[in-house]
Amino acid sequence: MKYRLFILFFLGLFLGQTVVQAQLNRYYFYAKTQKLYERGDYSGAIGAISVFLEYQSEDEIALYLRALCKYQLDDWRGAQLDLDQLLTRKPFMTEALVLRTAVRNQLGEHKAAMVDIRLASELRPNERDIQYMRGVTHFLLEDYTDAIEDFTITLKRDPEHLDARLNRGTAHLLKGDTVAALQDYRQAAQTNPYAAGPHINEARVYYAQQKNELALSTLNKALELSPKSGQALLIKALIEHDLGRKEPAIATITKAIEYAPRSSLAYYNRAIMYAQDGNYKAAIKDYEAAAQISPNNVFIRYNIALVYGEAKRYREAADALSYAIALYPQFARAYNLRSAMRLKLGDKSGARVDYDSAQSIVARYQNTPEKDIEKWSDTSANFSRLIAFENDFTTPSELVIPAFLKDYDELYPLATIRVGQEQNYTEWTPVRRADSVAGAPFFALVVPSDDTARRVDLSLFPPVRDPHAVNLMRSIAWVEAHNYDAAQLLLDSIPKHSPIKPLGRLVSAVAKISQIRFAPPAPMVLSLSGTKSREMPPPADYSAPIGELNALNAEYGENPYLYYSLGIAHYLSRDLHASEEAFNKAIALETNFAEALFNRGLVRILLNKNNQACLDLSLAGQLGLDRAYRVISDHCKR
C-alpha cells in the first residue's frame, strides 16, 4: 500500500549563510535536511536535523522532518516517538496527523490511525490526500464500503490518482464485485499509461478466473513497462507452469527471485516446481531460503518436510513437522506425516501418538473450515490458490534472526584499545595512568568501526620509556591480526606492578573472547532413532574472559566499554538475559552509546522484545549508525 506524505517545502532561503550563522539559524538546518531528503540520503538528513534538535528539542518542524526521514527508512517506531512529541505540543498540525496515520497503519494500529486521519479531515475537509489516506485506513480496517466511498471522492478531485484507482478496484474485488474491479484497473491503465500496476492487478483477476492466455498477454504489457517486476514475473511463472511449460516457468520465477530476493512466495513456488521434477536438493535449498524470510509460515514447514521425506532425510522431516505443529497445533496432516517419518526412524510409540492425534483432530473438525488447511499445504493443489495466501509469505514481525544458528556477524565488534586516538566517552583511570606514568602514546577504549584487521604501525610512534608499553602495543597489533597466542605471550610478560597491566588484562580478555568465538565449531550431533531432534553443540565457555572483565569493573570503577564487551561475551555464550543486562549498564553510563544500543536491539529481537528492540535500533540510527536502518527494514515492519 503506497502513501502520499506531506513535506514542508518552504526552505529556499538562507542558503548562503556562513557556518557560524548556521549554528544560530534554524532555517539552515531545515534547508540542509531538505536537500539531503530530496537526494534520498535519509540517514544523513536525520543526522543533520538531530544536531539542531540537541539544542531545540521541541522544534515542531524539525521533529516532523526527522519523523518523515525515519518513515522513509521504515523506522516507524522512531517516527512515532517524534510525532507523539510534536503532536503533544501542537495537536492540530495536519501534516503530522497524516504522517502519524501512515506510521500507525504500518504498525498495524489501524483504529488509532483512524482517529488521527478523521481529525485531519475535519481540519482540512477538502484535502485530496487526506481523503485518500482515510480510504487507505478504512481499507486496512476491512471496511471496504467506506474505503470505496473515500477513494471515489479522491478520484472525483483527481481522476488520475493511480493509487486511489487501484485500491478502489481491490476493494471492489474483496467485496466480490469482479466487474467493478476490472473497470477500475482498466481505467487506471488508461489514465496512467506508463504504470505496470494496473496490468498486474488485471492479470491477477484473469488468473483467478483461469483465463490463462488473457492473463499472460496482460502480464506481458506490464513487463514491457516494468521488466524487473518480481510480482508480474511470479504470476507469469505460475501460469506457465499451469500450462505445462515447466522449463520456461522455472526460468521466469528465477528472474522474479533475482529482482525480488525477499519474496518467500517466489522461493516457495520454485521449490514446488523443483520437487515435482524430482530435484529435491534444489527444492530444499529454496524452501530453506523461504523459511529464512518467513520463519513462521506453516505451508513452508510442511512442504519442506514432504521433500525431506522424499529425499529420505527423515529426521529433518520430523523436525520441520514439529515446527509446523508448534505454529498450528490443529494441523492433522502434519501429525499424520510426522507419524510416518517416526516410523521410518524406528520410533513406533511416537508414531502411534502422532497418528492418534491426527485422527482425533480430524474427528473434531470434520465439519469445520479449519480442516481445509490440510488441503492448502498439498503440493498438488492448484497454483491459483497460492495467490490468496500472499500475506502469509511476507516478512513477519516475529523473530527472523534464527537464534544461534548462523554466524554472529550482525553484532558490532568488541570494545578494545586503540593507540593514539582520542577517547569518545568517559575516561577509564588506567588509561590516564598509562599515558602519564609510562610515557606511552595515549591509549583509548573504542569500538572499531568495522571488523577488519587493522595493524598498529609502531613506526608512527616515538620511543617510549616503559618497555611494557611497547609490548602492549605489539599485543594489540597481534590481536588485530588474529594471532592470539603471540598476543598472549606478550601480555603475560607485563608484570603485575606495571601501570600498563590493567590495559593488558583488558586486551587479554578481548583476545580470549575472539579466540573462542572464531575457533572451529564442534560437529553437530544427529540422532538417527527415537524422537530426539538434532542437537546443538554446547555453548562455548566464555567464563574466563567474562570473569576478567567483571574484575576490572570492580577494581577500577564501572566503565561502559567493559559492560559493552561483557554484553557481547554473554551473547556469544547464549545467555541473552545477561547480555541485555550488560548492555543496559553500558547505556546507563553512556546514554548515547550507539553501538551498545545497536547490539541491545539485536539481543532484544532474539528475546522477542520487538518494540523495545526497534526503538533501540532507531536511536542507534539516529546517532549515526546507518546499519541500524537495514536491520529495522528487515525486522521492524510490525
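Results, tabulated for the structure shown:
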item	result
Extension gain from ASN25 to ARG364, taking 0.36 nm per residue of separation minus the Cα-Cα distance	115.0 nm
Neighbour net charge for LYS221 - beta-carbon separation under 14 angstrom, K R +1, D E -1	0
Shape of the range 162-230, Cα gyration tensor, a/c cut at 1.5	oblate
In sequence order, calculated HN-Hα J values of the range 145-159 (Karplus, 6.51, -1.76, 1.60; Hz; x Gly/Pro)	5, 5, 4, 4, 4, 5, 5, 5, 4, 4, 6, 5, 7, 8, x
Prolate/oblate/rounded label for the range 236-374 (Cα gyration tensor, a/c 1.5)	prolate
Rel. contact order, % - alpha carbon contacts under 8 angstrom, at least six apart, the range 212-326	16 percent
Relative contact order %, the range 38-105, counting alpha carbon pairs below 8 Å whose residues are six or more apart	28 percent
Sites ALA551 and GLU58, calculated FRET efficiency, Cβ-Cβ separation with R0 35 Å, nearest 0.05	0.20
Relative contact order, percent, the range 260-333 [alpha-carbon distance under 8 Å, six or more residues apart]	25 percent
Computed lengthening from LEU243 to GLU127, 0.36 nm per intervening residue step minus Cα-Cα distance	37.0 nm
Rounded if a/c under 1.5, otherwise prolate or oblate - the range 70-183, Cα gyration tensor axes	prolate
Positive-end residue of ILE200, LEU87, ALA171, charge dipole of the range 76-217 with Cβ unit charges	LEU87
Positive minus negative residues near PRO545 (Lys, Arg vs Asp, Glu; Cβ under 11 Å)	+1
In Hz, Karplus ³J(HN,Hα) per residue of the range 481-497 (6.51, -1.76, 1.60; θ = phi - 60°; x = Gly, Pro)	8, 6, 9, 6, 5, 4, 4, 5, 4, 5, 5, 5, 6, 7, x, 4, 7
Cβ-Cβ FRET estimate between ALA340 and THR591, R0 fixed at 60 Å, reported to 0.05	0.60
Under 18 Å, Cα to Cα: Lys pairs in the range 198-257, sequence gap 8 or more or different chains	9
14 Å beta-carbon shell around LEU619, net charge (K/R +1, D/E -1)	-1
Using θ = phi - 60° and Karplus 6.51 cos²θ - 1.76 cosθ + 1.60, couplings along the range 600-614 (whole Hz; Gly, Pro as x)	5, x, 5, 4, 5, 4, 5, 8, 6, 9, 5, 5, 5, 4, 5
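No value in this document is a laboratory result; all are computed from the given coordinates. All of these numbers come straight from a predicted model, not from anything done at the bench. Because the Cβ atoms are built from the backbone with ideal geometry, glycine has one as well, and the counts that use them run over all protein chains shown.
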